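I have placed the structure first, in the form of structure tokens, so that the comments after it can refer back to it.
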Amino acid sequence: MSWHPQYRSSKFRHVYGKPASKEKCYDCVPITLNVHDNHFCAVNPHFIAVVTECAGGGAFLVIPIQQTGKLDPHYPKICGHKGNVLDIKWNPFNDFVIASCSEDATVKIWDIPKYLLTKNITNPKKVLLGHVRRVGLIEWHPTANNILFSSGYDYKIMIWNLDSKEDVISNPVKILDAHKDVVLSMSFNTDGSLLATACRDRKIRLIDPRAGTVLQEASYKSHRVNKVLFLGNMKKLFSTGTSRWNNRQIALWDQNDLSVPLLEEDLDGSSGLLFPFYDSDTHMLYVVGKGDGNIRYYEISPEKPYLNYLMEYRSHLPQKGIGVMPKRGLEVSACEIFRFYKLIPTKSLIEPISMIVPRRSESYQEDIYPLTTGDKPALTAQEWLNGINKGPLLVSLRPGSGAVNSLPQFLEPDPLMKTTDLSQPWGRGGRMPLADMQKPSEAEDSRKQPKAQEKLLKNEQMWLSNGFDIFECPPPKTENELLQMFYLQQEEIRRLREMVNQRNVQIKQMELELRNLGVNTGRY
């Protein structure tokens with residue numbers, strides 16, 4: 001008989017939730033009072049968007065992520081919908097584009113200006129017209145650029161190609177008509193080739209979105225599903241819902257066999273919905289309760305018992321909705337592996353909650369930050385529609401790695417190029433005629449300009465840390481900010497020391513080569 005230890009070793013056993021201090025929260029935000037079961041919040045490394053309460057139609061706010069504290073009551077809104085906004089989602093490949101859907105049966109795509117808003121935005125970039133009843137859900141494709149899915153109360157899921165030049169798109173590229181009731185949840189697998197849905201008819205469906213066929217269907221009677229989620233490449237589905245006795249329940253399913261769940265567990269008797277979130281990098285699953293202040297988190301393993309309970313973050317303030325920061329916007333110097341933005345309408349407050357792995361070391365922790373999904377699409381919209389599948393492009397979260405940042409494409413290096421024009425020929429007192437000077441300079445220009453541009457790009461990437469320009473960051477005001485700046489400086493010093501050591505090794509190698517060359521020439 002083999003002995004099994006009662007504990008399991010895991011680097012995430014002691015992960016804890018840390019709420020932000022008062023000055024790091026977003027105060028006086030008029031959060032929506034709508035009872036629709038959605039997140040009502042979307043976050044990226046530059047902005048936080050939240051559905052707001054307003055008269056005469058639907059609106060949402062877009063606040064710069066660093067603009068914490070009290071919000072101006074006259075802060076500009078995005079208000080182009082004629083009905084309440086039900087869902088908002090940022091484009092995963094463009095931090096300045098957001099989609100919204102509403103009770104007015106439309107989906108709208110908005111361009112958010114790079115600078116602070118000064119007036120309300122009422123004109124969308126694109127309008128998607130196809131649903132005949134209100135639209136409750138939208139989801140961007142995880143790997144293909146400009147592919148958007150929308151689900152309405154007409155029981156249809158529509159696939160839109162936003163590469164179309166038309167401002168008003170009324171013909172979706174595909175309509176999925178496999179549901180007999182309202183779709184409550186949509187989730188993609190890693191490469192976006194499969195779509196899982198949860199429907200009000202209590203069934204989970206696994207769909208091939210391009211063919212429009214239902215591959216699997218679960219109708220397990222003792223689990224009434226509300227939300228469903230793909231667990232990355234684990235080939236498993238996770239769902240939240242209620243049991244026969246109206247207890248909140250979670251269930252784990254095999255992707256290839258949805259007849260019976262691998263695991264089901266009752267949590268409590270509360271009536272609020274459970275929102276699941278999965279981090280495929282750490283294999284951690286977070287279950288957030290609507291109407292309470294709790295966040296339970298688990299670790300997923302490929303073998304039994306599959307679901308390993310870690311801890312629970314508790315708060316007396318109930319959340320109405322929740323937003324999640326993408327991995328490329330996390331504070332890696334503080335060992336932050338996940339960040340929630342909790343909507344508290346009773347206090348008109350948005351409270352960030354950081355999930356942190358306690359570590360003593362100040363250096364970058366590579367074991368808890370594997371390569372993660374970046375901000376570049378793996379496919380064009382047409383390639384995906386033609387049947388090509390491709391996983392997401394991965395990047396490193398190490399500070400200073402330019403691949404992580406989405407900001408360089410919006411930077412304008414032209415003024416720098418003008419001030420450091422390397423194409424001007426150098427002469428001394430006009431000793432060389434102009435015609436003679438231009439000939440060699442033309443040959444040198446082709447070599448110098450690309451090198452200069454590469455240098456400038458490298459410098460720009462070094463100035464950027466996790467998507468923010470360090471020259472625009474305000475000086476630290478609190479002890480926590482000061483510590484974070486200190487950790488960043490320590491990491492930079494360590495990196496520079498490594499570079500110096502490498503240079504010293506190269507110098508010694510060159511000195512040895514020179515000595516050997518001198519000895520060989522002396523013999524002859």
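The values are calculated or read from the model by the stated rules, or taken from the named source; none is laboratory data. Remember, predicted model here, so these are calculated numbers, not experimental data. Because the Cβ atoms are built from the backbone with ideal geometry, glycine has one as well, and the counts that use them run over all protein chains shown. Surface areas here come from the heavy atoms of the whole protein model, side chains and all, with no ligands, DNA or RNA. Shrake-Rupley method; radii C 1.70, N 1.55, O 1.52, S 1.80 Å.
Could you do me a favour and compute the accessible area per residue for region 16-373, 1.4 Å probe, result in Å²?
Per-residue value: 39 Å².
So what are region 151-212's ellipsoid semi-axes, whole angstrom, largest first, if each one is the square root of 5 times an eigenvalue of the alpha-carbon gyration tensor?
The equivalent ellipsoid of region 151-212 has semi-axes of 22, 15, 9 Å.
When all C-alpha to C-alpha distances in region 337-407 are sorted into bins of 5 Å, what percent of pairs does each bin hold, rounded to whole numbers?
Result returned by the calculation: 3, 12, 13, 15, 15, 14, 12, 10, 4, 1.
Determine the sum of side-chain charges near LEU285: Lys and Arg each +1, Asp and Glu each -1, restricted to other residues whose C-beta is under 13 angstrom from that of LEU285.
-2
What is the magnitude of the charge dipole of region 219-269 about its Cα centre, with +1 placed on the Cβ of each Lys and Arg, -1 on the Cβ of each Asp and Glu, and no other charges, expressed in debye to the nearest 20?
Using only the charged Cβ atoms, the result is roughly 180 debye.
Would you kindly derive the ³J(HN,Hα) couplings of region 302-314 from the backbone phi angles with the Karplus curve 6.51 cos²θ - 1.76 cosθ + 1.60 (θ = phi - 60°), listing them in order in whole Hz, with x for Gly and Pro?
x, 10, 4, x, 6, 10, 10, 5, 9, 6, 9, 8, 10
Check which residues have an amide H placed less than 5 Å from TYR220's amide H, if you skip close sequence neighbours.
Long-range HN contacts for TYR220: ILE204.
Distance cut-off 30 Å, Cα to Cα: go down the list LYS108/LYS342; LYS24/LYS203; LYS236/LYS327; LYS77/LYS390 and report the pairs above it.
Pairs exceeding the cut-off: LYS24/LYS203; LYS77/LYS390.
Amide H neighbours of SER185 under 5 Å, counting only residues 5+ apart in sequence or on other chains, H built in-plane at 1.01 Å?
ALA198
Which of the peptides 223-235, 20-32, 506-518 is most tightly packed, and how do the rest follow, judged by the mean count of other Cβ atoms within 10 Å per residue?
The peptides rank, most packed first, as 223-235, 20-32, 506-518.
From zero outward in steps of 10 Å, how is the percent of C-alpha pairs of region 191-263 spread across the bins?
21, 57, 20, 2
At 1.4 Å probe size, put GLU217, GLU312 in order of accessible surface, largest to smallest.
GLU217, GLU312
For LYS108, what charge total do you get from the other residues with a beta carbon under 10 Å from its beta carbon, if Lys and Arg give +1 and Asp and Glu give -1?
Local net charge: +1.
Size of region 16-373 along its principal axes in angstrom, Cα-based, largest extent first?
55, 52, 39
Rounded to the nearest 10 Å², what accessible area does CYS54 have for a 1.4 Å probe in the complete protein model?
That residue has around 50 Å² of solvent-accessible surface.
Computing the accessible area with a 1.4 Å probe over protein heavy atoms, can you report the carbon and sulfur percentage for region 16-373?
48
For q = 0.26 Å⁻¹, what log10 I(q)/I(0) does region 23-97 give under the Debye formula with an equal point scatterer on each alpha carbon and no solvent?
After summing over all Cα pairs, the log10 values are -1.36.
Once you treat every alpha carbon in region 266-341 as an equal point and sum by Debye, what is log10 I(q)/I(0) at q = 0.28 Å⁻¹?
Once normalised to I(0) and log-transformed, intensities are -1.40.
How much net charge surrounds LYS376 when only the other residues with a Cβ under 13 Å from the Cβ of LYS376 are counted, with Lys and Arg +1 and Asp and Glu -1?
Value of the local net charge: 0.
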